[in-house]
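See structure below.
The values are calculated or read from the model by the stated rules, or taken from the named source; none is laboratory data. Quick caveat: nothing in here was measured; it's all calculated off a predicted structure. Using ideal geometry, Cβ is built from the backbone for each residue, glycine included, and neighbour counts are taken over all protein chains shown.
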């Protein structure tokens, strides 16, 4: 009966120590590790001997304890951070207050992952499966294999998760993400097909891009810096070659009979001038624009003027009635003087002419 009472009080005292009750009655209550024992997590504690003896046994007197003082006795308990393993005499196991998923609690609040698991980055009290080659774009399962995320599939060797681009990425393309293609230099993504194809900077006009910055022109077209444009071998002066061998004139211009030149059109004639642009006349050499004609009439110009005459052609005067040229090649007109027959020097006229007269 005394032995059972003793065991009861030992358990009662240990329980009271764990919850902190009656701490003022103990001596040297800081636990001491039992260096003589290799058992993990077991500490010794000195308690008053009277607390571990039943009231009946106290009648015979309180024996000397084995503690640092004669009234103290040493008992073994689980150290702080440890708890008693159920159904054992005194085995103490470390406690991880926040758990230790897929691992072993090897020390108080120290979680050691099992083989094939690693610490989760967001929770050091949780161990997650690890895949030897990694598991980018997927989730590593307990079996050590990757389960790929949506938009990804296993590579041919089954080790990696690679993105999927439906139908591939075309020529010069690489799938870098779910339905996302990256094109090599000289290639570009076609917005309609979402695939990479040859790219010609600036386009090919009426041609086809057959390689990086390489155009192929259709028949009747030629390659220029602007791409493939219509070709007019006979020319298209002042116009636009709008189609193979087709010259189109701009407004105000008219195609000539050869079909290769656009000539300006003037709604009014250009007197002594040439139509040089739509409704624009330019006087010919030796002519000048007539005042108030809006450039559609040009008059002959005589630099020295036409005294007593009219400038009828470039640098050529016609004398007014009653006036004659002063001399041959002169533009000066002088009044004509009438002479009588007596004033004539008949002796200077040949006789043959006079007889005929």
**OP:** Give the number of residues within segment 137-181 that are at pLDDT 85 or above, farther than 28 Å from residue 197 by Cα and part of a loop (DSSP other than H, G, I, E, B).
**Re:** 1
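Kindly indicate which of 80, 73 is touching a residue at least 40 places away in the same chain (Cβ under 8 Å) and closer than 22 Å to residue 46 by Cα. Explain how you work it out, then say what you get.
Numbers: 73 fails: touching a residue at least 40 places away in the same chain (Cβ under 8 Å).
Criteria check complete, one pass: 80.
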**OP:** Run down 166, 180, 193, 208 and say which single residue is free of Cβ contacts under 8 Å to residues at least 40 places away in the same chain and over 23 Å from the mean Cα position of the chain (by Cα).
**Re:** 208
**OP:** Scan segment 87-98 and give yes if some residue there is surrounded by fewer than 15 Cβ atoms within 10 Å (Cβ to Cβ), modelled with pLDDT under 90, outside the structural domain of residue 50 (by TED's automatic domain parsing) and assigned to a strand (DSSP E or B), otherwise no.
**Re:** no
Original post:
So, of the residues in segment 290-302 that are in a loop (DSSP other than H, G, I, E, B) and at pLDDT 90 or above, which turns out to be farthest from residue 271 (Cα to Cα)?
Top reply: 302
